[in-house]
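Working notes, structure below.
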Amino acid sequence: MRLGIDLGTTRTLVAIADRGNFPLIAFSSDSGDSSDHYPTTSAEVNGRLVHGLEAEDAARDGAPVLRSWKRLFSELRVRDSVRIGNIETTLPELATSFLSALRRDLLERSNLPPGRREPLETVVSVPANAHSAQRFATLDAFRRAGFQVKGILNEPSAAGIEYAHRYADTITHRRESVAIYDLGGGTFDAALLLMTRGRHDVVASNGVARLGGDELDAVLLDLALERAKVDPAQLSESQRQALLFEAQRVKETITPHTRRVLLELGALGEEAPQSPVIVDVADYFARVAPLVDLTLDALEPVLAGDRGPSLAGVYVVGGASALPIIPRRLRERFGRRMHRSPYPAGAVAIGLAIACADDSVPEVQEMLTRHLGVFRERESGADISFDGLLPKGSPLPREPHKLSVVRRYRAAHNIGHFRFVECSALDDAGGPAGDITPHGRVLFPFSASGEHDLEAVPVERLNGDGPLVEERYAVDASGIVEVTIANLDSGYERHYVL
């Protein structure tokens, strides 16, 4: 069974490769309802975690719930704890638990064709701007949950595969590039793909790590609370989560012809208005316009490299892109050929299923979407500088090869203190800027014993020349960064995955 799985911020979608067709998988709830997605939602029920449709049902009954937890990967370190009700866990453990439930429900509560369900081979996706730790944790969680992962692609690259499958006749020797506009539940990604010579080369990418449908829901809710004269600061967390769920439901009903929407604020309890709150869609669009413009600003530099007639079109995907203001403002800003996937929320999953099923699909040449560097001491510790190790835009290697960088130097102190950072941009001085993700500190014993608690060992300057140190950085085809630090004089070394 070959699948494409798009682990989304608000919804996880699964597509299957079925004799040249790539339909989305539907799931059945306990109530008998069918859904073409699996909510990326987890809840605590009687001391255990439940996920997906079961978690949504539990949330309606008042259970503690955590929606859109995937976006925490960009906000927290993977070792940080996450609490849902009375359960405390880590992000990798939560992701593994969620994906284990997804695998079970694929086999027991979905419309997967019977008789050929095992093994579950899949290609999975991550946001284009996902940092190394997020990529590693995602890949590891899928494998621990029992999926056989054949590959991992950036979400815009998967959407590009779906575009080439659906609109192959628009790609010619004169128009051979496609821009992807992907607004999902929690992130925005943009990419420019060159589709030629049997390959898909990602030639530019950009994004906003914390902007998606969740933010659009929050704007609608705030507008409704304003109309109802309710102070958002007075809401409990459970009330806010329930109201955001209502805002999401209402937002998804908006069409180009919708003038007003009604929001039920029953979650406020005794303070709820007696009748639904009316919100003018024009007012809502005016409030969300600055957020939409942020996505257009991120798309601008991606298109900067292809202003001429070689652009086949802008492909609009992602569940949140269905809001009518988005294609309208895209045309106003860029005035380009636009195509919208007939399954905007499922385009990534479908592209992943195509990649999983068909060995004849053009190779996708991914690139590093973020800069990687480390803060170092210089001038014998008198100053701190940023060493850019791997620049954004570096082509990623083909399996089994790795992109590598080596640094060698004589240590000046007994302990090395490495502060690794990934970022979306660099400032004029070459320092990190834009979306910045600091990784956990790495301490390495240059002369102190590796058996000691290095946090408790004072940092001291060495007399004379210190040991010869080598740092080796390797990036695989999935964008996961591995670091090896070695004392070449003693032969002692340590290995890390950022």
Note the listed values (1) 32.7; (2) 22.3; (3) 26.8, then indicate which one is mean projected area of the Cα convex hull in nm² calculated from this particular structure.
(3)
Reduced to Cα centres, the span from the range 450-498 to the range 159-194 in Å works out to 41 Å
Two pseudo-spin positions, 7 Å from Cα along C-beta at Tyr409 and at Arg79, lie apart in nanometres by 2.4 nm
Residues Ala272 and Ala233, FRET efficiency given R0 of 22 Å [Cβ-Cβ distance, rounded to 0.05]:
0.80
Segment Leu462-Leu262, length gained on full extension (0.36 nm per residue, minus Cα span)
65.0 nm
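Just the number, please: carbon plus sulfur as a percent of the accessible area of the range 259-322, 1.4 Å probe, no ligands or DNA/RNA counted.
53 percent
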Show me 171-183, 124-136 ranked by packing, highest mean number of other Cβ atoms within 10 Å first.
124-136, 171-183
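Need one number: % antiparallel among DSSP beta bridges in the chain, to the nearest 5.
Looking only at bridges with both residues in the chain, the antiparallel portion is about 80 percent.
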Need the full-extension length gain, Ser35 to Ala282, defined as separation in residues times 0.36 nm minus the C-alpha distance. One decimal, nm.
85.9 nm
With label points built 7 Å along Cα→Cβ from the Cα atoms of Lys402 and Thr253, find their separation and express it in nm.
5.3 nm
By its C-alpha gyration tensor, with a ≥ b ≥ c as the square roots of the eigenvalues, how is the range 1-98 shaped: rounded for a/c under 1.5, else prolate for a/b larger than b/c, else oblate?
oblate
On a 27 Å Cα-Cα criterion, which of the cross-link pairs Lys70/Lys229; Lys70/Lys150; Lys70/Lys392 come out too long?
Lys70/Lys229
To the nearest 500 deg cm²/dmol, what mean residue ellipticity at 222 nm is calculated for the chain from DSSP H runs of n ≥ 4 alone, each contributing -39,500 (n - 2.57), summed and divided by the residues?
-8000 deg cm²/dmol
Quickly rank 400-412, 481-493 as a protection proxy: mean count of other C-beta atoms within 10 Å, highest first.
481-493, 400-412
Want the number for Thr172 to His495: 0.36 nm per residue separation, take away the alpha-carbon distance, what's left?
111.6 nm
Solvent-accessible area per residue for the range 61-158 (1.4 angstrom probe, square angstrom):
39 Å²
Sequence order, the range 459-476: Karplus ³J(HN,Hα) from phi using 6.51 cos²θ - 1.76 cosθ + 1.60, θ = phi - 60°, Hz rounded, Gly and Pro as x, gives 7, 9, 6, 8, 7, x, 6, x, x, 7, 10, 10, 10, 10, 10, 9, 10, 8
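The values are calculated or read from the model by the stated rules, or taken from the named source; none is laboratory data. Model, not experiment: these values are computed from the prediction. Here Cβ is always computed from backbone atoms with ideal geometry, including for glycine, and neighbour counts include all displayed protein chains. With ligands, DNA and RNA removed, areas are computed over all heavy atoms of the protein, side chains included. Shrake-Rupley method; radii C 1.70, N 1.55, O 1.52, S 1.80 Å.
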